[in-house]
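Single-structure report; data block below.
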Amino acid sequence: MVRESEVRAGEVAVEPPPPTDAGLVFIGRIRTPWTQRLACPRQGREDGPTCRIEIHEPWVAALAGIEAYQRLEVLYWLHLSRRDLVRQSPRNDGATRGTFALRTPVRPNPIGTAIVRLLAVEGPTLLVRGLDCLDDTPLIDLKPDRALFTPLAPAQPGDFELGDRA
């Protein structure tokens, strides 16, 4: 089991460069039953507990029409995560992989994503299932699940086709 701030055998930490301001604005907070990282699930489940996404003013008006979607993509800031590991050993077996080859919360920019099932909209609050983050996690953005959409423009020469993969 992983320990908080542990560097396992074979893992590599770096000194990150000084941060620059990207102008990120938190639009709300996420309320879940998990208050400790070790208790939090590694992946959200559609049959998991009901969680709350609370939207702050002035962003509440941006929820108009969201009830039309069953699934949402949630982007959130993993504010308690380390940001310095470039190689990690998720199984703690000494074998490592690069951070970008993993779905770990330990990232240079700890942005988490989840596809959730929208259960209800109660004013500025969304009730959802499928989250995997700690209580009071800052919310970055919400979007309808991209898998629900088809491209608006007709296919163009050079568009990616499944048969084009090398």
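Details
- Residue tally, condition touching a helix residue (DSSP H, G or I) at 6+ places or on another chain (Cβ under 9 Å), aliphatic (A, V, I, L, M) and surrounded by 12 or more Cβ atoms within 10 Å (Cβ to Cβ), over segment 5-43: 1
- For segment 93-135, a residue qualifies if it is closer than 12 Å to Leu80 by Cα and loosely packed, with under 13 Cβ neighbours inside 10 Å, and exactly one does: Asn109.
- Note on segment 1-35: residues that are at pLDDT 85 or above, among the hydrophobic types (A, V, I, L, M, F, W, C) and assigned to a loop (DSSP other than H, G, I, E, B) amount to 8.
- Test: residue in segment 81-88 that is of a type in the set (Ser, Thr, Tyr), closer than 24 Å to Asp135 by Cβ, under 20 Å from the mean Cα position of the chain (by Cα) and not in a loop (DSSP other than H, G, I, E, B): no
- Exactly one residue among Val106, Val74 is of a type outside the set (Ser, Thr, Tyr) and at pLDDT 95 or above, and that residue is Val74.
The values are calculated or read from the model by the stated rules, or taken from the named source; none is laboratory data. All values reported here derive from a predicted model rather than from experimental measurement. Neighbour counts are summed over all protein chains in view; Cβ atoms, including those assigned to glycine, are modelled from backbone coordinates with ideal geometry.
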